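Peer 1: Pasting a structure below so you can have a look.
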Amino acid sequence: MLEVYIDGSTTGNPGPSGIGVFIKGEGHHIKISEYIGIYSNHTTEFLALLRGLEEVQKLTSSIISVRTDSQAVCTAVEKRYAKNAEFAAILEKILKISDTFDLFFIKWIPDEQNKAAHALAREAVLKKLP
């Protein structure tokens with residue numbers, strides 16, 4: 001099983017944004033910290049999940065457990081629905097990938113349990129700020 005911790009960070013809303021993805025398990029220990037441009041905080045969270053799943057898809061099709069501190073993302077994935085058109089477009093891509101795994105889980109966790117992904121996301125934004 002792979003555990004995937006995701007987070008987005010935005011300075012302003014919308015504003016400069018970064019994503020953080022921390023993947024561990026099955027001998028993997030992968031850290032992704034990427035600046036992604038100007039987005040809202042919720043969009044950034046959805047894009048972090050999409051990026052994480054794209055990376056995990058290269059590694060396995062078995063069991064994936066995602067952890068996020070975004071209740072909006074967790075709820076949208078669980079319900080397979082997002083009212084906001086921008087979120088819905090990203091969610092469609094997320095679900096297409098998540099449906100390829102043998103088992104896929106997503107769980108909301110409090111911020112203090114998501115420190116690794118948060119630090120990676122924040123680092124991506126801070127590198128781009130003047």
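Derivation of every value follows stated rules applied to the coordinates shown; laboratory data play no part. All of these numbers come straight from a predicted model, not from anything done at the bench. Reconstructed Cβ throughout: ideal geometry from the backbone, glycine too, with neighbour counts over all protein chains shown.
Peer 1: What FRET efficiency comes out for the pair K115/S61, r = Cβ-Cβ distance, R0 = 41 Å, nearest 0.05?
Peer 2: For K115 and S61, the calculated efficiency is 0.90.
Peer 1: Restrict the search to segment 65-130; then list the GluC sites (Glu not before Pro) that DSSP places in a loop and that have at most 16 other Cβ atoms within 10 Å of their Cβ.
Peer 2: Those that pass, being in a loop and sparsely packed, number zero.
Peer 1: Return the long-range amide H neighbours of V66 (sequence gap of 5 or more, or a different chain), with a cut-off of under 5 Å between placed amide H atoms.
Peer 2: Result for V66 returns V4, F105, I106, K107.
Peer 1: Find how many whole Å separate the alpha carbon centroid of segment 1-31 from the alpha carbon centroid of segment 54-105.
Peer 2: First find each Cα centre; the distance between them is then 13 Å.
Peer 1: How large is the charge dipole for segment 2-128, taken about the Cα centre, if only the Cβ atoms of Lys, Arg (+1) and Asp, Glu (-1) carry charge, to the nearest 20 debye?
Peer 2: Around 160 debye, computed over segment 2-128.
Peer 1: Check each of the chymotrypsin sites (Phe, Trp or Tyr not before Pro) in segment 3-95 and keep only those in coil by DSSP with at most 15 other C-beta atoms within 10 angstrom; list them in order.
Peer 2: When the chymotrypsin sites (Phe, Trp or Tyr not before Pro) of segment 3-95 are filtered for loop state and at most 15 Cβ neighbours within 10 Å, Y81 remain.
Peer 1: If you restrict to DSSP beta bridges whose two residues both lie in segment 1-108, what percentage is antiparallel, to the nearest 5?
Peer 2: 65
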